[in-house]
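J.: Can you keep this structure in mind? I'll have questions shortly.
Quick note: the coordinates plus some simple rules give every number you see, no bench work behind them. Model, not experiment: these values are computed from the prediction. Cβ coordinates were reconstructed from backbone atoms using ideal geometry, including for glycine residues, and neighbour counts include every protein chain displayed.
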Amino acid sequence: MNFSGITKIAVLLLAAYALPGAPIQAPAEPPGPSEVFVLQDFRWVPVVVKKTPTSIDCHFEVISGNPTVHVELVSESDFRLFAHQRPYETLAATTPSASGGFHQMIEEPGRYRVLILNERGAPPAPISLVIQTDVDPGISSFPSGISKQRQLSVIAISLAVFFGTVFLSGRKLLFAWRRRRMPEI
């Protein structure tokens, strides 16, 4: 490859990096200082989870400007839905603000992405972003209870079993009540 070919590749890589929605290069090791960049619409950072459990900690701060930024953690398949402007699900998300973050425990290996989003029509904002992963974190990092979805599932199943039992018992009692014989006096 000659020098002009290398130059063309470097220019293309720089141009791709400057486009809105272009990926930020994720550091090989958890960063000490935060990475600072100007956010137009959105950017994303790839996170590959090979061993589980893995905790992902993300914190952002708007250095100057309006608090119109939020971050989300999505799976690779949900990122594709996001890229095609279709409804998608997030694993963790913050509300739009001047700073925020999340802590998410990942139990399934795979590819994930941290999305950094600026509200539609908002001016560009300089952002400080730190993403850290911890493979096999200590017991204090694990959630102490069950998730809200699981709590609601347990409650719904318990109520269904309870009302089913009451209904069947009540039906048998009503049937027995109707068939009873009155003693003759």
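J.: For Arg120 and Arg179, calculate 0.36 nm times their separation in residues minus their Cα-Cα distance, and state this gained length in nm to one decimal. List each step's numbers first, then the result.
T.: Numbers: separation 59, 0.36 × 59 = 21.24 nm, distance 7.01 nm.
14.2 nm is the gain from fully extending Arg120 to Arg179.
J.: I've got another one for you. If you filter segment 30-102 for trypsin sites (Lys or Arg not before Pro), then keep DSSP loop positions with at most 13 other Cβ within 10 Å, what is left?
T.: Details: sites: Arg43, Lys50, Lys51, Arg80; in loops: Lys50, Lys51.
Passing sites in segment 30-102 are Lys50, Lys51.
J.: Sticking with this structure for a sec: Could you derive backbone 3J(HN,Hα) for segment 91-102 from the dihedral phi with the Karplus parameters 6.51, -1.76 and 1.60 (θ = phi - 60°), listing whole Hz in sequence and x where the residue is Gly or Pro?
T.: After applying 6.51 cos²θ - 1.76 cosθ + 1.60, I find 8, 7, 7, 10, 8, x, 6, 7, 7, x, x, 8 Hz.
J.: Given the Cα-Cα distance of Ser153 and Arg86 and 0.36 nm per residue of separation, how much length would full extension add, in nm? Before the final figure, lay out each step's value.
T.: Values: separation 67, 0.36 × 67 = 24.12 nm, distance 2.71 nm.
Separation in residues times 0.36 nm, less the Cα-Cα distance, equals 21.4 nm.
J.: Below 14 Å, Cα to Cα, which aspartates and glutamates can Lys51 reach? Residues fewer than 8 away in the same chain don't count.
T.: Partners found: Glu107, Glu108, Asp134, Asp136.
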